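Bear in mind that the values in this text are calculations on the coordinates, not laboratory data. Remember, it's a predicted structure, so these values are computed and weren't measured experimentally. When we count neighbours, we look across all protein chains shown, and the Cβ atoms used for this are built from the backbone with ideal geometry, even at glycine.
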Amino acid sequence: MRLILLIIVFAFLSISCSKKKEVDKLANFTPEQLYSDGMKNMKKASYLEAIKYFERIGQEYPYSSLAAKAQLMESYAYYKRTKFEYAIAALNDYIGLYPGEKDIEYAYYLKALCYYDQIPNVRLDQLATREAKEAFTELVNRYPDSKYARDARFKLNLVLDHLSGKEMSVGRFYLKNGEIISAINRFRVVVDQYQTTSQIEEALYRMVECYHILGVEKEATKYAAVLANNYPEGKWYKYAYNLVGKKK
């Protein structure tokens with residue numbers, strides 16, 4: 001038993017000494033050396049190792065000319081490792097500390113990507129999708145002429161389509177189970193908030209269908225008229241026409 005304890009103590013001391021040597025080694029590095037070694041590890045896709053070097057610059061040399069670059073590269077390394085929570089925290093620090101840096105637009109873009117890459121299936125909670133929407137919207141509003149703005153707008157449209165798809169999925173569920181008012185509330189969100197998405201035609205039809213089921217034909221024909229004016233050749237208007245019995 002005593003021998004086992006001695007072995008454990010020796011192993012612990014060895015690990016502690018090893019870590020101390022590593023810390024001492026990094027402490028002797030200049031910001032330039034730390035950044036250079038960090039970038040070498042990035043090129044090798046050794047992202048966790050790279051993070052150690054970039055973090056050290058912020059800890060030991062916060063006023064260095066490389067501090068901002070190191071902070072951004074640390075964020076990117078976390079992103080590449082899909083450590084999105086850490087990447088977002090690092091990016092928020094960068095945005096707060098270096099609002100005037102030339103790479104600030106990319107920081108906002110990378111932050112939005114962190115949320116975008118976490119978007120789940122429409123059956124699941126869409127918190128990440130809503131956060132991606134906010135992040136891309138902020139980027140486009142702050143930097144409309146940024147080189148990242150075009151891709152941000154494209155991805156924002158996909159995000160909006162995904163959010164509207166979630167509303168449609170829940171609305172169809174309620175409709176299938178006879179909860180018509182709840183279904184209407186979901187379809188109305190798409191009609192009111194996501195008019196430019198691919199879900200809008202079906203959402204309008206579902207409004208026709210729901211009000212027709214409730215016997216509120218005035219509302220049913222109103223939404224059928226919107227379909228007729230905007231999508232007269234679409235299949236969803238044809239379905240609506242079969243329900244209301246005449247064009248509006």
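Some points to look at:
- For Asn230 and Arg172, the FRET efficiency from 1/(1 + (r/R0)^6), where r spans their Cβ atoms and R0 equals 22 Å, is about 0.55.
- Kirkwood hydrodynamic radius (C-alpha pairs) into Stokes-Einstein, the chain, 4 °C and 1.567 mPa s, D in µm²/s: 59 µm²/s
- Straight-line reach from Lys235: taking Cα to Cα under 12 Å and skipping same-chain neighbours fewer than 8 places apart, the aspartates and glutamates in range are Glu201, Glu202.
- Working note: Debye formula, equal point scatterers on the alpha-carbon atoms of the stretch 79-121, no solvent; log10 I(q)/I(0) at q = 0.24 Å⁻¹ is -0.78.
- Extreme residue, positive dipole direction of the stretch 30-101, given options Asn92, Ala67, Ala50 (C-beta unit charges): Ala50
- Expected 222 nm ellipticity per residue - DSSP helices of 4 or more, -39500 (n - 2.57), all of the chain, to 500: -25500 deg cm²/dmol
- Fraction of alpha-carbon pairs over 13 Å apart in the stretch 30-101 - percent: 58 percent
- Relative protection proxy for 220-229, 174-183, 108-117, from highest mean packing down: 108-117, 220-229, 174-183 (other beta-carbon atoms within 10 angstrom).
- Gain on full stretching of the segment that runs from Asp93 to Lys25 - 0.36 nm per residue minus C-alpha separation: 21.8 nm
- Across Lys102/Lys166; Lys147/Lys222; Lys44/Lys166; Lys83/Lys133; Lys43/Lys147, pairs whose alpha-carbon gap is larger than 31 Å: Lys102/Lys166; Lys147/Lys222; Lys44/Lys166
- Between Gln33 and Ser46, the modelled label-to-label distance comes to 1.6 nm, taking each label 7 Å out from Cα in the direction of the beta carbon.
- Student exercise, the stretch 30-101 dipole from Lys, Arg, Asp, Glu Cβ charges, in Debye to nearest 20: 340 debye
- Gaussian network model of the chain, Cα within-10 Å springs - most flexible of Gln118, Gln199, Gln33: Gln33
- Of the DSSP H helices in the chain, those that are both long (alpha-carbon extent of 27 Å or more along the helix axis) and hydrophobic (Kyte-Doolittle mean at least 1.0) are 2-27.
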